Amino acid sequence: MKMMGVINLDNEQDFLNELTYFRCGAAVPFGGRYRLIDFGISNMANAGFADIAVFTRKKYRSLMDHLGKGKSWDLDTKYGGLFILPPDWNDPTDISKGDLQHFHNNIDFFHRGKAEYVLISGSQHVCGINYQEVFEHHQSSDADITLIYKKVDMLEPEHKQCQKLSVTEEGRVVEVTNEEYNNNVYMNMYLVSKKLLLQLVEYGIAHGASHLFNDCIASEVDNLNIQAFKYTGVHCVINSVESYYKNNLHLLNPNFYRDLFFNEQTINTKVKNEPPARYLESANVSNSLVGNGCIIEGTVENSILFRGVKVHKNAIVKNSIIMQRCEIGEGAILENVILDKDVTLTEGKRLIGNEQMPFVIPKRRVI
Amino acid sequence: MKSKKECVAMLLAGGEGKRLQLLTKKLAKPAVYFGGKYRIIDFPLSNCTNSGIDTVGVLTQYQPLILNSYIGIGSAWSLDRKYGGVSVLPPFQAQEGGNWYKGTADAIYQNINFIEQYDPQYVLILSGDHIYKMNYAKMLQYHQEKAADVTISVIEVPWEEASRFGILNTNEDLSIHTFDEKPENPQNNLASMGIYIFNWDLLKTYLSEDAANLRSSHDFGKNVLPKILDDGKRLYAYKFQGYWKDVGTVESLWKANMDLLEDEPQFNLNDMNWRMYSVNPNQPPQYISQKATVNRALINEGCYVDGNVDHSILFFGVHVGEGSSIRDSVIMPNVKIGKNVTINKAIIGENSFIEDGAVIEPEPSQESEITLIGENSHISANSNVAVKS
């Protein structure tokens, strides 16, 4: 129990348009049965974190429903475990701003946890990372803070919005930048000792800061020993509808799928009680991910079907992401579309989006 | 003061299931896999939960390791209750010694103390051998309406098959007048399903009597029920309608699995009003590749299909390599199938490894036979397996 975790959603924008009308980005379904936050929680739980807090500010109903008491990650322990912390500010002397409000008002979480180090992450970087390795690196480099980054082979549009790291040959971070052409994508994850974290929080509040990382850490590269940990495993960033669509469909690449789901980092999610997927005589499925509880009579190509989707006879689903419990009527045609949960497409309807700009249908629509 | 439980269920799960051969080598019959995701015991346990029965004793004896860990504290079926819930009841030692369960009635007799804790009015006896959905609350209501001492659930079987079953001969009001165990000339076609509701006070008396009888084989069907009937008690048959399959043999297990693959299966696993619960392994969604074809199939999470699957069931974590063809078969969890493998009409036990080019199918002369491959088997490349089951 060396480390405790914080998934800090406070600074994340609702970037996914229709998909984040009613839920925060972290709760957006991904990869046929997961939600984005599953990756962060699973990586922490796999590394044996006994205390994990989720800082959330708004649209957290579906997030709370999904995480529950953390049973799916074995976090439903008597002491510690998973804490979902929505805003609850009752300190009359509180002058904190931004995400520092969360740190200030939930200081008890840090004091009660037995771990001496805190790993803080967001939810937009999908990966299977071993935080024990990060911890060892942090120790051996005698770092004050360790930032985690991925050196990407090719900069994709979604990397534009990410912060980048300038790193010396020895691995020390000399600058956190927003420059476009830098391949060292900061994964929005860092490790820091609890003691230093609380000092930084106090300092930030006293100086009117409103963003812990930007105002109290990134700005202090000269004063603190900030080291970089280079993560080399599978990785993608979900911070726009385009990147969401592209990286979901990227799971159809068997190598990416295997590396993400069949490596030593098991990704867990809330289990549903669905029966196995049922393929009927007329089913024609290729290059697709299918969740349990689906009933398929039609054609499904290059698509991702979440749990409990029904595809009726002669329906065609191509290059699409179909979320939980959608129903595609007989003869309906879908191409380059994202259907949010519980959408019903009636008989013979056609919806064709653009490859770069998929058509997004919000929850519970009947078309 | 805890409120008493109206009805406690006792599930007989100690049977060996010899006729399932290799499948029950290290496994009690109720723990045998079924339907791509389930174990047989999921069905009676889910029925209990859905019927509002929250106190279930599971009597185990034969090879209980996997069954015990599978049941756990019953959370998969919402049976992890503060008061009641599921309790696994193996045979035990007491001051005056101890015994294996000598028969179905003896197993209940030895656990009288368990039942007494809940001071129930009724006891429901179930077995872990059948695939069916049943609302036990309706049966209990019937039992009360008839003011019965014992109610036995029955199903109408085709007359020509009646001689294979334990037949109940009934009067017009469905009260039972005689039992016929596998009659040569059946007078009725109502077969016992091995599901009984007893008034607990009455059952307790008869169990004690039966236990004292050294000549009894301590079986409900053979000893206890006939004795109760002889004594002129009120026994009623409760007619069950719907899908009910005994999966006691390799053939019937295979057949019941295949029943799920019809376009409109009689046993509907997708029925949201009567969910079947099971322990859910956490696995990624199944991947069906570009080259794969999948028709008339049930496929579970964690499967990776690169070949052709027709009229078959794949449990979780099964990999099917390129060019392989699976037909009329049941593939149990985590089986890895290489490339260009042919599997026809077979049941492949869990964690088996089938190497490239292997052929598993019945000899033409034995087309009706099902090939059974035991768990953890290793079938080497290009070998031809036509084991008779």
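The values are calculated or read from the model by the stated rules, or taken from the named source; none is laboratory data. As the structure is a computational prediction, the values presented were derived from the model and not from experiment. Neighbour counts are summed over all protein chains in view; Cβ atoms, including those assigned to glycine, are modelled from backbone coordinates with ideal geometry. Protein only, heavy atoms only, side chains kept; ligands, DNA and RNA dropped before computing areas. Shrake-Rupley method; radii C 1.70, N 1.55, O 1.52, S 1.80 Å.
A few notes on this one:
- Each Cα pair under 8 Å and six or more residues apart adds its separation to the average, and for region A:281-320 the resulting relative contact order is 39 percent.
- Whole-Å semi-axes of the ellipsoid equivalent to region A:32-184 (Cα gyration tensor, √5λ, descending): 28, 19, 19
- Once the Cα-Cα distance is subtracted from the 0.36 nm per residue extended length, the A:His250 to A:Lys151 segment shows a gain of 33.8 nm.
- FRET efficiency for the B:Arg19 to B:Asn384 pair, using the beta carbon distance and R₀ = 25 Å, is estimated at 0.40.
- To put it simply, the accessible area of the protein assembly as shown at a 1.4 Å probe is 45 percent carbon and sulfur.
- In the context of the full set of protein chains, residues of region A:142-276 present 44 Å² of accessible surface per residue (probe radius 1.4 Å, heavy atoms only).
- Order of exposure, largest accessible area first, which applies to A:Glu169, A:Glu264 with probe 1.4 Å: A:Glu169, A:Glu264
- Relative to the dominant Cα principal axis of chain B, helix B:250-259 is inclined by about 80°.
- Of A:Lys2/A:Lys78; A:Lys341/B:Lys336; A:Lys160/A:Lys194; A:Lys272/A:Lys313; A:Lys150/B:Lys37; A:Lys195/A:Lys230, those spanning more than 28 Å from alpha-carbon to alpha-carbon: A:Lys341/B:Lys336; A:Lys160/A:Lys194; A:Lys150/B:Lys37
- Over all pairs of different C-alpha atoms, chain A has a mean inverse distance whose reciprocal, the Kirkwood radius, equals 21.5 Å.
- Rolling a 1.4 Å probe over the heavy atoms of the protein chains gives region B:7-259 an accessible area of 43 Å² per residue.
- Other residues with beta-carbon under 11 Å from the beta-carbon of B:Asn384 carry, at +1 per Lys or Arg and -1 per Asp or Glu, a net charge of -2.
- Between helix A:131-140 and chain A: long-axis angle, C-alpha atoms, 0 to 90°, nearest 10: 20 degrees
- In region B:276-290, comparing the full protein assembly with the chain on its own, the residues that lose 50 Å² or more of accessible surface at a 1.4 Å probe are B:Asn280, B:Asn282, B:Pro284, B:Pro285, B:Gln286, B:Tyr287, B:Ile288, B:Gln290.
- Partner chain coverage, peptide B:267-273 - average Cβ within 10 angstrom: 3
- Remark: region B:291-300, residue by residue, has Karplus-estimated 3J(HN,Hα) of 8, 6, 10, 9, 9, 6, 9, 10, 10, 9 Hz, where x stands for each Gly or Pro and the curve is 6.51 cos²θ - 1.76 cosθ + 1.60 at θ = phi - 60°.
- With a Förster radius of 30 Å applied to the C-beta separation of B:Arg164 and B:Gln266, the computed FRET efficiency comes to 0.90.
- Within region A:70-116, all pairs of alpha-carbon atoms sorted by distance into 5 Å bins from zero give the percentages 5, 18, 24, 21, 16, 11, 5, 1.
- Rounded to the nearest whole Hz, the Karplus-based 3J(HN,Hα) values (6.51 cos²θ - 1.76 cosθ + 1.60, θ = phi - 60°) of region A:265-278 follow the sequence 7, 6, 9, 9, 8, 4, 7, 10, 9, 8, x, x, 5, 10, with x at glycine and proline.
- Amide H to amide H distances under 5 Å link A:Phe229 with A:Leu147, A:Ile148, A:Tyr149, where only residues 5 or more positions off or on other chains count and H is placed in the peptide plane.
- Cβ-derived FRET efficiency at R0 60 Å, A:Glu170 paired with B:Lys255, nearest 0.05: 0.30
- Electrostatic bookkeeping for B:Asn47 treats Lys and Arg as +1 and Asp and Glu as -1; over the other residues with beta carbon under 15 Å from its beta carbon, the sum is +1.
- Taking all protein chains together, B:His177, A:His207, A:His102 sort by accessible area into A:His207, B:His177, A:His102, largest first [probe 1.4 Å].
- Loop-located GluC sites (Glu not before Pro) in region B:116-175 (DSSP state other than H, G, I, E, B) with a sparse environment of at most 13 neighbouring Cβ atoms within 10 Å: B:Glu172.
- Relative intensity of region B:287-379 on a log10 scale, I(q)/I(0) at q = 0.13 Å⁻¹, equals -0.34, per a Debye sum over C-alpha point scatterers of equal strength in the absence of solvent.
- Distance between the C-alpha centres of region A:159-201 and region B:190-236: 75 Å, rounded to the whole angstrom.
- Using alpha-carbon coordinates, inclination of helix B:136-145 to the longest axis of chain B, degrees: 20 degrees
- Separation of alpha-carbon centers, region A:268-282 and region A:303-367, rounded to whole Å: 17 Å
- A 1.4 Å probe over all protein chains sorts A:Trp73, B:Trp274 by accessible area into B:Trp274, A:Trp73, starting with the largest.
- Taken across both chains, chains A and B shield about 3300 Å² of accessible surface from a 1.4 Å probe.
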